[in-house]
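Report on the structure given below.
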Amino acid sequence: MFRIPFDRVNWITSSFLIGTALIAIIGAPIYFFHYGIDWFQFGMFFFYLCATMMSITVGYHRLFSHLAFKAKTPVKFFTLIFGACAFENSCLNWSSDHRRHHKHVDHDEDPYDISKGFFWAHIGWLLFKLDPEPPMDNVADLRKDKLVMWQHKYTHWIGLFVGLILPAAIGYGWNTMFGLDPVQGALGGFLIAGVTRIVIAQHCTFFINSLCHTVGSQPYSNKHSARDSAVMAFLTFGEGYHNYHHEFQHDYRNGVKPWQWDPSKWTIWTLSKLGLVEGLRRVPDSKILLAEMGEARRRAEDRIHQIKSVGPGYCQRTADLLSKVAEQLAANYHELEQAVTDRVQLSREVLQDWQNETRALMRQLSRITMPAMA
Ligand SMILES: [Zn+2]
Ligand SMILES: [Zn+2]
């Protein structure tokens, strides 16, 4: 059983995380109670939250950690500046941790290993120092990037100036311009777009490591704990389709279906149309469907095993029904697998038909209830 190492508290990080949370929880309500809702402050908070979160999801995560696309300097610069404002360490450190997370997911070397518990995966890994510190030997490519190295050197200064002092200065300037109390404007900027935004952005990111490995479905694989959840996608700017992401980490999309909520994917796509990013990596539809069909087939076989383990008393009719569904799923899987191996170009319509059939079989499977004992 994993024990929380209280003797190895990371005092600087812990003080920052707990201190900012206390300031946000206590300070923001007092500010609103005294001064009421200020739409300018709210607008600045919204801009800063989106800029910070997008810099983490589009920049730190999909661009730098996974190389899911190539970006021109303005995109790199923006995401490195506002990424620093999240106070989640430098892009180099973040990417190193994240690459280890993917490589060793659910195992000891995974920095936010969910098998050590929800608290550890969410924030515990930051509050306590690991001994020894793992080597940053998986980011040689990023070390060649001068902008990344510049941000690595000054990340806390950038965060302090752009993430905390700048919103206070903007609040001060705005209130001065409109004949309002400038100190109130500065205080609001620091508290709302500054500290409160940092706390919200951090916990939304931490949710990806905790809740996205706990809540949701596993349509692509059950070989790791990552899960897909629309609610989590909403809270994490599209990162909630985490089961897909762990299966196909180099795809620039996390919500791969057209209807799935993934503002980070839409942003990358829009930037590509503007010529600011290029080389968007996509997993072919046939491979995605193959993963879905493989998982559906595995679940059907699991159910059969489950009912047969009831013993000789299992209901023959239910077992036959399940076997039929499982056989069909397996046959479809092998047919698609062959087509993928032979690099047969399958039309969208053919893939859609296969997907519909898989879904229909899965619905049939879920309607088959467990056997009544004889
Ligand atoms: Zn993960
Ligand atoms: Zn990732």
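Sequentially through the stretch 254-262, phi angles give Karplus couplings (6.51, -1.76, 1.60; θ = phi - 60°) of 9, x, 7, 7, x, 8, 6, 6, 8 Hz, Gly and Pro residues having no value and appearing as x.
To the nearest 10 degrees, how steep is helix 146-160 against the longest Cα principal axis of the chain, on a 0 to 90 scale? It works out to around 60 degrees. The loop-placed trypsin sites (Lys or Arg not before Pro) in the stretch 93-169, going by DSSP, that have at most 13 neighbouring Cβ atoms within 10 Å of their Cβ come out as Lys144. Based solely on its DSSP helices, what 222 nm [θ] is calculated for the chain when runs of n ≥ 4 H residues each add -39,500 (n - 2.57) and the sum is averaged over all residues, nearest 500 deg cm²/dmol? Rounded to the nearest 500, the figure is -17500 deg cm²/dmol. Pull out a ≥ b ≥ c, the square roots of the eigenvalues of the alpha-carbon gyration tensor of the stretch 128-179, then state rounded if a/c is under 1.5, prolate if not and a/b is larger than b/c, and oblate in the remaining case. Here the stretch 128-179 falls in the oblate category.
Derived scalar couplings between HN and Hα for the stretch 82-95 equal 6, x, 4, 5, 7, 6, 10, 6, 6, 4, 5, 5, 4, 5 Hz in order, rounded to whole Hz, by the Karplus curve 6.51 cos²θ - 1.76 cosθ + 1.60 (θ = phi - 60°), x for Gly and Pro. Phi angles across the stretch 46-55 convert, under the Karplus curve 6.51 cos²θ - 1.76 cosθ + 1.60 with θ = phi - 60°, into 3J(HN,Hα) values of 4, 4, 5, 5, 5, 4, 5, 4, 5, 5 Hz, Gly and Pro given as x.
With the charge dipole of the stretch 6-278 set up from +1 on Lys and Arg Cβ and -1 on Asp and Glu Cβ about the Cα centre, the Cα lying farthest toward the positive end among the listed residues Gly185, Phe32, Leu147 is that of Leu147.
Using Cα centres only, tell me the gap between the stretch 1-67 and the stretch 165-231 in whole Å. When both Cα centres are located, 5 Å separates them.
The residues of the chain present an accessible area of 51 Å² per residue when probed at 1.4 Å with all protein chains retained. Placing unit charges on the Cβ atoms of the charged side chains and taking the dipole of the stretch 267-335 about its Cα centre, the candidate lying farthest along the positive direction among Ile288, His305, Thr267 is Thr267. Roughly how many percent of the accessible protein surface of the stretch 6-278 is carbon and sulfur, given a 1.4 Å probe and a whole-percent answer? For the stretch 6-278, the apolar C and S fraction of the accessible surface comes to 71 percent.
Just checking the listed ones, Ala121, Ala201, Ala330: in the Gaussian network model of the chain with Cα springs under 10 Å, the one fluctuating most is Ala330. Say the dipole of the stretch 6-278 comes from +1 at the beta carbon of Lys and Arg and -1 at that of Asp and Glu; which of His101, Tyr60, His122 then lies farthest toward its positive end? Selected residue: Tyr60. Close amide H pairs (under 5 Å, H built 1.01 Å from N) link Phe128 with Asn10, residues at least 5 positions away or on another chain. Each Lys and Arg contributes +1 and each Asp and Glu -1, all at the Cβ; summed about the Cα centre of the stretch 78-152, the dipole is approximately 300 debye. On C-alpha positions alone, give me the angle between the axis of helix 197-209 and the longest principal axis of the chain, in degrees, nearest 10. Helix 197-209 sits at roughly 20 degrees to that axis.
About its Cα centre, the chain has a charge dipole of approximately 320 debye under the convention of +1 per Lys or Arg Cβ and -1 per Asp or Glu Cβ, with nothing else charged.
The values are calculated or read from the model by the stated rules, or taken from the named source; none is laboratory data. Predicted, not measured: the structure shown is a model, and the values here were computed from it. Please note: Cβ atoms are built from the backbone with ideal geometry, for glycine as well, and neighbour counts cover all protein chains shown. Heavy atoms of the whole protein, side chains included, go into the accessibility calculation; ligands, DNA and RNA do not. Shrake-Rupley method; radii C 1.70, N 1.55, O 1.52, S 1.80 Å.
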